[in-house]
Amino acid sequence: MLVFKSVSALQNHINKLISERKIIGFVPTMGALHAGHLSLVEKSLLENDCTIVSVFVNPTQFNNSNDLNTYPSNIIRDKKLLQSLDNEIVLFHPNSKEIYSGELKSDHFDFDNLDQHMEGKYREGHFQGVATVVNKLLLIVKSDKIYFGEKDFQQLRIIENLVVAKKFNTKVIRCNTIRQDDGLALSSRNNKLDISSKKTAKYLFKALSFAKENFDTLDITNIEEKVNRLLAKFPQIKLDYFVIADERYLQPTLKRDKKKKYRAFIAADISGVRLIDNIKLY
Ligand code: AMP
């Protein structure tokens with residue numbers, strides 16, 4: 001497997017691929033890879049001539065230094081996992097200096113209010129950091145397609161917005177959320193949960209499933225009340241938000257418009273580990 005740590009070496013390789021008219025798929029990650037990440041990589045392998053995976057824990061998207069310092073990483077394991085999928089995957093594993101040559105700070109982007117609620121409200125500066133790194137990575141990688149998980153749906157919409165605003169010639173591919181058998185969405189942060197918190201964490205998915213099952217019959221206020229009551233039974237769960245919002249503009253609502261598609265979004269702290277998830281309601 002080819003591994004690049006420097007931007008210039010990766011760019012040389014990419015220029016060669018482009019001159020050979022190879023179709024390039026790109027999967028940006030922060031590492032500590034799990035089956036969720038690997039499903040994106042597998043999709044890219046199927047749809048492109050060449051797949052580039054980046055592993056880079058992007059400091060500017062963390063609004064909490066403790067979260068950044070304790071973010072799980074295991075590059076040796078990540079390499080093995082990627083290699084087990086396909087030895088032709090190209091891994092880009094730069095350090096911070098390579099990506100942020102000057103100051104370690106975010107650029108500023110306008111997301112047309114997609115960042116107004118949910119994660120944008122609870123994690124100040126988070127999406128500016130995400131967009132900064134994805135913008136930098138896309139300028140380097142110049143992929144034909146870029147893969148993002150619906151697990152982070154607000155992030156996905158923000159990247160779709162960025163790609164249009166910056167006129168990147170890449171197609172954003174939405175990928176399904178991969179879950180454990182009990183419904184818990186796979187996340188690198190799950191590694192930080194202790195056994196009892198792992199059991200409790202499945203109630204986030206239960207709350208989302210309740211919303212999905214009852215979206216046609218109960219009104220949104222009623223769904224939110226019932227979900228709040230269900231989750232209040234678990235002292236380990238500190239709910240940041242449970243909202244229902246339209247997929248396009250990500251505006252939380254209490255009133256349903258038949259013409260729009262909706263998702264339920266949840267974020268909670270479980271014994272000190274912050275988890276997010278969402279589900280489509282159609
Ligand atoms: P991260 O390493 O957390 O930045 O995630 C890298 C990519 O993997 C993002 O596009 C995520 O949305 C996606 N991802 C993370 N967890 C899952 C999951 N459980 N299922 C599908 N995609 C995921």
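Quick notes on this one:
- So Lys79, is it part of a helix (DSSP H, G or I) and either surrounded by fewer than 18 Cβ atoms within 10 Å (Cβ to Cβ) or not assigned by TED's automatic domain parsing to the domain that holds Asp246 (or both): yes
- Assessment of segment 113-122 against the conditions (of a type outside the set (S, T, N, Q), under 26 Å from Ser44 (Cβ atoms) and surrounded by fewer than 19 Cβ atoms within 10 Å (Cβ to Cβ)) yields no matching residue.
- Residue pairs whose Cβ atoms lie under 7 Å apart, sitting 6 or more positions apart in sequence or on different chains, and linking a residue in segment 31-44 that is in contact (Cβ under 8 Å) with a residue 60 or more places away in the chain and part of a helix (DSSP H, G or I) to a partner that is more than 6 Å from the ligand (Cβ to nearest atom) and among the small types (Gly, Ala, Ser), are Ser44/Gly25.
- Any hit, segment 4-24, residues being within 15 Å of the ligand (Cβ to nearest atom) and touching a helix residue (DSSP H, G or I) at 6+ places or on another chain (Cβ under 9 Å): no
Okay, residues lined up against (1) closer than 30 Å to His13 by Cα; (2) assigned to a loop (DSSP other than H, G, I, E, B); (3) within 13 Å of the ligand (Cβ to nearest atom):
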site: Leu137; (1), (2), (3): yes, no, yes
site: Phe153; (1), (2), (3): no, no, yes
site: Leu156; (1), (2), (3): yes, no, yes
site: Val164; (1), (2), (3): yes, no, no
site: Phe168; (1), (2), (3): yes, yes, no
site: Asn191; (1), (2), (3): no, no, yes
site: Ser197; (1), (2), (3): no, no, no
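- Across segment 242-257, a minimum of one residue is classified as closer than 19 Å to Arg123 by Cα and of a type in the set (Val, Ile, Thr).
- Qualifying positions in segment 195-243 - in contact with a helix residue (DSSP H, G or I) (Cβ under 6 Å, 6 or more places away or on another chain) and acidic (Asp, Glu): Asp240
- Residue pairs whose Cβ atoms lie under 6 Å apart, separated by 6 or more positions or on different chains, with the first residue in segment 112-132 and under 9 Å from Gln61 (Cβ atoms) and the second among the hydroxyl-bearing types (Ser, Thr, Tyr) and crowded, with 16+ Cβ neighbours inside 10 Å, are Gln128/Ser106; Gly129/Thr60; Gly129/Ser106; Thr132/Thr60; Thr132/Ser106.
The values are calculated or read from the model by the stated rules, or taken from the named source; none is laboratory data. Everything quoted here is computed from the prediction, not taken from an experiment. Cβ atoms come from the backbone with ideal geometry, glycine included; neighbour counts cover every protein chain shown.
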